[in-house]
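Visitor: Have a look at this one before I ask anything.
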Amino acid sequence: MGTGTKKSEPLRERQCIVTRERADDAALIRFVLDPEGVVVPDVKAVLPGRGAWVRADRQTLEDAVRRKAFTRAFKLSNPPGGLADLADRTHLVLRQQAMGALGLARKAGLVQSGFAKVESALKAGSVHALIQARDAGADGQLKLGRLAGHAGAPVLRPLTHGEMSVSLGLEHVIHAALLEGPGAARLAEPLRRLAAFDPEPDQERHSGTNDQADEGDGPLRGDKTTV
């Protein structure tokens, strides 16, 4: 449905109101003022009104608030509302979209989960992106990360294993493979943006949950999912 047209469209560049650098709009987040004059994240870039674009990472967004960049961008005499928790609200929207995308990928048959299945998919060269829990153990991260490097698949760690489990409706998911297939790139983008917005701290990268307990096959108790 129109995929050919989209591929032929030129990338749309926007300018970050903090760094003043121009980049494809997929690398930035658009913000608008709601009717009450509160700054809200417009992650899908569909809301009406004047937009202000910020590089899609938490530090740059916090700099935008600190430097009063939104006041200037929206040409206001006083600072707009909603700035105190803007980074957290933006992270919440990005997280919801990432979890939703992971759930849709599973429904489309584009996800393999569990260490052994992910390892096999990586060796077969059928993985678009390796998705690992932020709190995964270092050993599992390194083993599958090396395979992903050899396969040319990016490694994304945007969610905790609890969030991955809820998204996929499975128990204790630590490693998942987003497989190559129609729509894989589109479904990977929300995961990529969340990972870029809030990079994992070093302590999470090295002291995570037990990879040996990675099930990824059985249904989550009650199969309750928010996506």
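The values are calculated or read from the model by the stated rules, or taken from the named source; none is laboratory data. Keep in mind it's a predicted model, so treat the numbers as computed, not measured. When we count neighbours, we look across all protein chains shown, and the Cβ atoms used for this are built from the backbone with ideal geometry, even at glycine. The protein model used for the area step is the full one, side chains on, heavy atoms only, and it has no ligands, DNA or RNA in it. Shrake-Rupley method; radii C 1.70, N 1.55, O 1.52, S 1.80 Å.
Visitor: Which of the residues that make up the stretch 171-189 are over 17 Å from S120 (Cβ atoms) and aliphatic (A, V, I, L, M)?
Guide: Passing the criteria: A184, A185, L187, A188.
Visitor: For the stretch 147-170, which positions are under 13 Å from V127 (Cβ atoms) and in contact with a helix residue (DSSP H, G or I) (Cβ under 9 Å, 6 or more places away or on another chain)?
Guide: L147, A148, H150, A151, A153, P154, V155, L156 - these are the residues of the stretch 147-170 that are under 13 Å from V127 (Cβ atoms) and in contact with a helix residue (DSSP H, G or I) (Cβ under 9 Å, 6 or more places away or on another chain).
Visitor: Where residues in the stretch 125-136 are open to solvent by 10 Å² or more (accessible area, probe 1.4 Å) and assigned to a loop (DSSP other than H, G, I, E, B), which of them is nearest to P182 (Cα to Cα)?
Guide: S126
Visitor: Which condition from (1) crowded, with 19+ Cβ neighbours inside 10 Å; (2) over 30 Å from G169 (Cα atoms); (3) out of contact with any strand residue (DSSP E or B) (no Cβ under 8 Å at 6 or more places or on another chain) is the one that R67 breaks?
Guide: Exception for R67: condition (1).
Visitor: Which of the residues belonging to the stretch 149-175 are over 18 Å from the mean Cα position of the chain (by Cα) and of a type in the set (G, A, S)? Walk me through how you get there before you give the answer.
Guide: First, the residues of the stretch 149-175 that are over 18 Å from the mean Cα position of the chain (by Cα): 149-152, 169-172.
Result: G149, A151, G152, G169.
Visitor: If a residue must be farther than 13 Å from M99 by Cα and surrounded by fewer than 18 Cβ atoms within 10 Å (Cβ to Cβ), how many such residues does the stretch 152-183 contain?
Guide: 8
Visitor: Scan (1) in a helix (DSSP H, G or I); (2) open to solvent by 10 Å² or more (accessible area, probe 1.4 Å); (3) under 19 Å from A184 (Cβ atoms); (4) in contact (Cβ under 8 Å) with a residue 12 or more places away in the chain for the single condition S120 breaks and write down its number.
Guide: Going through (1) in a helix (DSSP H, G or I); (2) open to solvent by 10 Å² or more (accessible area, probe 1.4 Å); (3) under 19 Å from A184 (Cβ atoms); (4) in contact (Cβ under 8 Å) with a residue 12 or more places away in the chain one by one, S120 breaks only (4).
Visitor: Go through the stretch 75-119 and count every residue that is acidic (D, E) and touching an Asp or Glu at 6+ places or on another chain (Cβ under 7 Å).
Guide: 0
Visitor: Does the stretch 137-154 hold any residues that are in contact with a Leu (Cβ under 9 Å, 6 or more places away or on another chain) and outside any helix (DSSP H, G or I), and which are they?
Guide: Residues satisfying the conditions are A153, P154.
Visitor: Go through (1) out of contact with any strand residue (DSSP E or B) (no Cβ under 9 Å at 6 or more places or on another chain); (2) touching a residue at least 40 places away in the same chain (Cβ under 8 Å) one by one and return the number of the condition G37 breaks.
Guide: Every listed condition holds for G37 apart from (1).
Visitor: Give me a count of the residues in the stretch 142-179 that are without any contact (Cβ under 8 Å) to a residue 60 or more places away in the chain, under 25 Å from K44 (Cβ atoms) and not aliphatic (A, V, I, L, M).
Guide: 3
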